[in-house]
Each structure stands twice: as structure tokens, then as C-alpha cells.
Amino acid sequence: MDTLRAFSDEQSRLLVNLRQRYEAWVVTERARAALPYDLRRKTVGEYEYLYLIHDRSGNGKSLGRMDAAREAEFQAYREQKAELKERGALLSTSLAESAALYRALRLPLLSSDAGPILRECDRRNLLGSHLLVVGTNAIAAYMIEANGFILLPDETEDFDLAWVAAEQEDSEQTVWQMLKAVDPTFTINSERDFQARNARAYEVELLVAPSRAGTLSDRDQPRPIPLAEQEWLLLGRPVDQVVGCRDGSPARIVAPDPRWFALHKLWMSEQAKRNPLKRPKDRKQGLALLDAVAEAMPHYPLDEAFKAAIPPDLQAVFEKWQKNTKAGHKSNW
């Protein structure tokens with residue numbers, strides 16, 4: 001099979017360094033996000049109080065009159081916030097250097113719009129546990145997993161996420177709060193309420209498997225339609241990689257097991273209900289990715305154990321791929 005063009009040693013080294021720097025940066029970002037928005041002294045009448053501030057408008061609540069304990073709490077908060085800010089600035093600089101080199105080395109790129117969404121998901125600890133990247137944007141992560149270029153377009157003008165949380169969320173609007181934090185211009189498409197769109201017409205679509213639909217709050221948005229075929233993307237072991245975006249920033253992707261993603265794409269390419277303009281792309285992606293798994297991802301085996309786990313609806317497409325692989329993809333798919 002001639003599906004993959006391997007990364008150079010320099011590209012592979014850069015990917016290792018980028019991952020290490022990104023992981024250090026996101027730990028600091030999560031620590032900053034866990035802090036209160038602000039703590040402030042406030043004088044009311046004759047007394048001074050410590051206030052917990054919730055937002056930039058100054059909304060908050062009193063934590064009580066200032067005393068030795070409140071003063072220690074206030075100073076500890078200020079010191080921690082300053083230390084995290086300084087550490088974050090240093091890590092951001094080194095991360096930006098790696099991200100710039102990533103782009104210079106012409107490694108797989110995401111659109112600039114996808115990066116902020118993924119980074120905000122990661123800050124909130126949503127990637128993998130609550131959300132997976134399930135559209136064309138996942139291809140970049142699969143390329144890095146295979147340590148080579150899969151000969152396919154690696155980005156798209158929209159963004160597909162799947163809700164995969166196994167338990168009910170405490171927050172009523174986990175996804176919607178994340179999207180609005182990224183861009184307050186996001187609104188729900190009135191004709192397709194499983195889709196959000198910002199002022200630049202960038203679309204985010206939310207998908208869900210029936211087994212996970214009940215863990216998404218009734219008040220969260222967008223509102224996905226449960227699709228039985230999304231169950232396949234919950235199987236196996238997800239891919240977890242850090243990729244670069246066209247604006248020079250990095251982002252982390254957690255995407256479904258590439259074997260199931262590829263079979264899902266091949267299955268969709270044969271569905272009459274699927275948009276006929278998208279079916280050829282589905283087929284090309286499915287074939288190329290399954291070839292890449294066979295060629296460069298031995299840690300995702302296509303062995304007898306895997307074959308035995310394939311549900312009946314996907315057995316035919318897997319057998320068809322095997323037959324076409326032997327024929328060099330020259331027979332009719």
C-alpha cells in the first residue's frame with residue numbers, strides 16, 4: 001500500500017517536543033481556570049470585606065469581614081495568581097516557538113477556527129471524557145498517530161464533536177458555556193438545532209450515540225439527534241495528539257479509534273440518506289485511513305480479535321476493504 005508518506009526525523013522530534021510543552025502549558029491553564037475570577041477588598045460603611053468576584057462586571061458576593069484569616073486567604077490568592085500568570089507566560093513563549101516550527105516543517109494543520117474550541121475544551125477537561133472530535137478535523141490526529149502524511153485533505157470548514165460522557169453532568173450547559181467562552185457570537189441554527197454558528201459562519205455540529213444521549217443536560221446546546229451509528233465511535237481506544245493550526249497555535253485532539261472511524265466512514269459512503277456530495281469524501285477517507293492503520297498503526301491491530309468484534313452492519317464494508325486491498329483498490333467499491 002502506498003497510502004502514507006512518513007514524517008522525517010526532524011518532524012517526529014518536533015511533535016514530541018510540542019506535546020511536552022503543550023501538556024505543561026495546559027496544566028497551568030487549568031490551574032488558572034480553577035482560581036476564582038478575582039478576590040477584592042471592599043469597604044462597606046466602617047468595615048472592610050473580602051469579596052469573591054464572579055465576572056468582569058464586578059458581580060460577586062462577600063466572604064466576610066477582613067480579619068487575619070481573610071487577609072491570609074487574600075494574599076495567598078494574589079501570590080498564586082501572579083505565579084501562575086508568570087509561569088503561563090513563559091510556557092506560552094516556548095509553546096509558540098514549537099508551534100511556529102511545526103508550521104514551518106509543513107506538518108498537518110487544522111483550521112484557525114478549530115484551535116480555540118479545542119483549547120477551551122481542554123482547559124475545561126472535556127476532551128476524551130465528554131467530547132470527541134469526530135469529523136474531518138480528526139484526520140490530522142490520525143496522521144500524527146501514524147507518524148506520516150495520509151494523502152487526504154486534513155481540514156474542513158466546520159467542526160464535528162460527539163458527546164460521549166458516561167454520566168450525567170452537574171452543569172446544565174457544559175457544551176454551550178464552552179462555545180460561548182470561545183466566541184460570544186455563537187448562536188443555535190434555528191433550522192438545525194444540533195448546530196451552532198458564529199458571526200463568521202463557522203459551524204459546530206454536536207453528535208451523540210443513543211447510549212450517551214441521556215447524560216447531556218436537557219438545557220445544554222446544541223441539541224444532537226441520537227444516531228445509532230455513533231455507537232461504533234465509542235469502541236476501541238481513542239487517539240490523543242497535539243496538532244498545529246494555520247494561525248500558528250497548537251491544539252489537542254482526542255478522536256475515536258481510527259479503525260472504527262474508518263469503518264464508519266466507509267459505511268456512510270454507502271448510505272442513500274447521506275448527502276451525495278459527501279459520500280465520495282467519506283469513501284476516500286475511510287479507505288486511506290484503514291490503509292494507514294494496516295501500514296503504520298500496529299498498536300491498532302486488524303487481527304482476528306478485532307474482526308470478531310465488528311458488528312454485522314460493518315462486516316460487509318470491512319470485507320470489501322480487504323478484497324479491495326488485495327486488488328489495489330482497483331475493483332469497484
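Which condition number in (1) in contact with a strand residue (DSSP E or B) (Cβ under 7 Å, 6 or more places away or on another chain); (2) modelled with pLDDT of 95 or more; (3) not charged (D, E, K, R) is the one that T174 fails? Condition (1) is where T174 drops out. Contact annotation: residue pairs with Cβ atoms under 9 Å, 6 or more positions apart or on different chains, pairing a residue in the stretch 294-314 that is closer than 20 Å to Y142 by Cα with a partner that is open to solvent by 70 Å² or more (accessible area, probe 1.4 Å) and modelled with pLDDT of 95 or more, are A296/A6; H299/R237; Y300/R237. None of A24, A96, A82 is open to solvent by 50 Å² or more (accessible area, probe 1.4 Å), among the hydrophobic types (A, V, I, L, M, F, W, C) and touching a residue at least 24 places away in the same chain (Cβ under 8 Å) except A96.
Restricting attention to the stretch 164-204, which residues are of a type in the set (D, E, K, R), in contact (Cβ under 8 Å) with a residue 24 or more places away in the chain and open to solvent by 40 Å² or more (accessible area, probe 1.4 Å)? Of everything in the stretch 164-204, those that are of a type in the set (D, E, K, R), in contact (Cβ under 8 Å) with a residue 24 or more places away in the chain and open to solvent by 40 Å² or more (accessible area, probe 1.4 Å) turn out to be E167, E169, E172, D193, R200, E203.
Does the stretch 245-262 contain any residue that is in contact with a helix residue (DSSP H, G or I) (Cβ under 9 Å, 6 or more places away or on another chain), among the charged types (D, E, K, R) and free of Cβ contacts under 8 Å to residues at least 40 places away in the same chain? No, every residue in the stretch 245-262 fails to be in contact with a helix residue (DSSP H, G or I) (Cβ under 9 Å, 6 or more places away or on another chain), among the charged types (D, E, K, R) and free of Cβ contacts under 8 Å to residues at least 40 places away in the same chain. Run down A31, A89, A68 and say which single residue is within 30 Å of S249 (Cα to Cα) and exposed (fewer than 13 other Cβ atoms within 10 Å of the Cβ). Being within 30 Å of S249 (Cα to Cα) and exposed (fewer than 13 other Cβ atoms within 10 Å of the Cβ) holds for just one of A31, A89, A68, which is A89. Within the stretch 225-239, the set of residues being touching a strand residue (DSSP E or B) at 6+ places or on another chain (Cβ under 7 Å) and open to solvent by 50 Å² or more (accessible area, probe 1.4 Å) comprises P226, L227, P238. Would you confirm, using the coordinates I've provided, whether T43 is among the β-branched types (V, I, T), open to solvent by 80 Å² or more (accessible area, probe 1.4 Å) and over 30 Å from E97 (Cβ atoms)? Spelling it out, T43 is indeed among the β-branched types (V, I, T), open to solvent by 80 Å² or more (accessible area, probe 1.4 Å) and over 30 Å from E97 (Cβ atoms).
Checked against (1) at pLDDT 95 or above; (2) surrounded by fewer than 18 Cβ atoms within 10 Å (Cβ to Cβ); (3) under 20 Å from P238 (Cβ atoms); (4) not basic (K, R), L161 passes all but a single condition, namely (2).
The values are calculated or read from the model by the stated rules, or taken from the named source; none is laboratory data. None of the values given here were measured: they were computed from a predicted structure. Cβ: placed from backbone, ideal geometry, glycine included. Neighbour counts: every protein chain shown. Protein only, heavy atoms only, side chains kept; ligands, DNA and RNA dropped before computing areas. Shrake-Rupley method; radii C 1.70, N 1.55, O 1.52, S 1.80 Å.
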